[in-house]
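Rule-based calculations on the coordinates, nothing more; no lab input. What you are looking at is a predicted structure, and each value in this text was computed from that prediction instead of being measured.
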Amino acid sequence: MNESALFEQKVASETAIEPKDWMPEHYRKTLIRQIGQHAHSEIVGMLPEANWLTRAPTLHRKAVLLAKIQDEAGHGMYLYSAAETLGGDRTELYQKMLAGEMKYSSIFNYPTLTWADIGVVGWLVDGAAIVNQVALCRTSYGPYARAMVRICKEESFHQRQGYEAVTALANGTEAQRAMLQDAINRWWWPSLMMFGPNDSESPNSAQSMAWKIKRLSNDELRQKFVDNTVHQVEALGMTVPDPDLKWNEELGHYEFGEIDWEEFNQVIQGHGICNQERLDAKRRAWDNGAWVREAALAHARKQNVRQVA
Ligand code: FAQ
């Protein structure tokens, strides 16, 4: 059997593709793109939450938030490592993101205006991330699938801490309840946009589904998220900001309104509310961290010399 047929057979039989296996160049490139963007999202995704670290309402909430943000950094590192197994160069990928040549999730270009936003990010944004990532635990590329298993465990803790934080607000004063509803109103639609364009408008989907890189389509994942989440909003005594939302008994799914795709396109083209601020923050961090990289390299060189001697 030739290499290409062996690859197709492995995909068909759901045997993971491993780094040393032969793979089509386009498969490799698609994975480096997706895993790289996923890694960038984890790293940029630390910023909106970091905005509230010094203002968390209690020491306990501050400690939990700090742990969550550190987890996101760890997720970024696993994912860059997975991209490296495909020949992706970590520094090169990161520089492309800093130069605006590689995307990260649209969701992180929205501001966290109040403490309620932090609860809602944990609950809705991590909730949406989990729906997507649970499906990716069965992605055809072994190192990506294995990274996802671990990441999902941690994301599940993040989602619960978010829901616990919003529950406290929902059981709080009128002002706290209003703050929570306002946060839900601002984050609901951007959370639905995390799953990407509709299937009919998604240029990468057909091939990625055929190669089992993606196991469920953008629209299937978005539907799952809506179906999972509406009753959670209701349990909090809050409302979903969608006048067209209704349960379809026959289909066993919620129907929901049209996403503002113009807004989505603006955000992914770099014109969202916080795109500039996020990239500026990451560029500053890269420049300010130069001495750490140099020191780490100098230390590694010394260790090497000692080992050789
Ligand atoms: N934002 O043809 P498709 C997290 C781009 S979770 C920005 O459908 P594809 C955890 C897409 O890249 C968030 N760009 O593309 C956390 C493509 O552009 P390109 C990260 C988007 O790849 C929580 C173009 O549009 N999760 O970070 C978006 O088949 C809290 C056409 O789209 C992942 O990355 C978007 N929302 O499907 C951290 C999951 N949607 O590259 C901190 C892995 C689409 O051709 C705090 N990724 N685009 O220039 C995926 O599952 C897929 O890549 C999709 C997009 C579903 C995102």
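If I build a Gaussian network model for the chain, linking alpha-carbon pairs within less than 10 angstrom, which residue out of SER200, SER208, SER140 has the largest mean-square fluctuation? Most flexible of the set in this elastic network: SER200.
From the Cα gyration tensor of the chain, with a ≥ b ≥ c the square roots of its eigenvalues, which class applies: rounded if a/c is under 1.5, or else prolate if a/b is larger than b/c, or else oblate?
oblate
My understanding is that a pair violates if its Cα-Cα distance is over 30 Å; which of LYS10/LYS68; LYS20/LYS96; LYS68/LYS246; LYS29/LYS282 do that in this structure? Correct reply: LYS10/LYS68; LYS68/LYS246. Converting phi to 3J(HN,Hα) with the Karplus coefficients 6.51, -1.76 and 1.60 and the offset θ = phi - 60°, region 282-294 yields 6, 5, 4, 5, 5, 5, 5, x, 4, 5, 5, 4, 5 Hz in sequence order, with x at every glycine or proline. Contact order, relative form, for the chain: 18 percent (alpha carbon pairs under 8 Å, 6 or more residues apart, mean separation divided by residue count). Normalised by the number of residues in region 111-230, the average gap of Cα pairs under 8 Å and 6 or more apart makes the relative contact order 35 percent. For region 178-214 versus region 51-116, the inter-centroid distance based on Cα atoms is 18 Å. Among GLY36, GLY74, GLY127, the largest mean-square fluctuation in a Gaussian network model of the chain, built with springs joining Cα atoms closer than 10 Å, belongs to GLY74. Both radii were evaluated on the Cα set of region 108-249; the Rg over Rh quotient, with Rh as the Kirkwood radius, amounts to 1.00. Database remark: amide H of HIS253 closer than 5 angstrom to the amide H of ASN248 (H placed geometrically; neighbours at sequence offset of 5 or more, or on other chains; Pro and chain starts carry no H).
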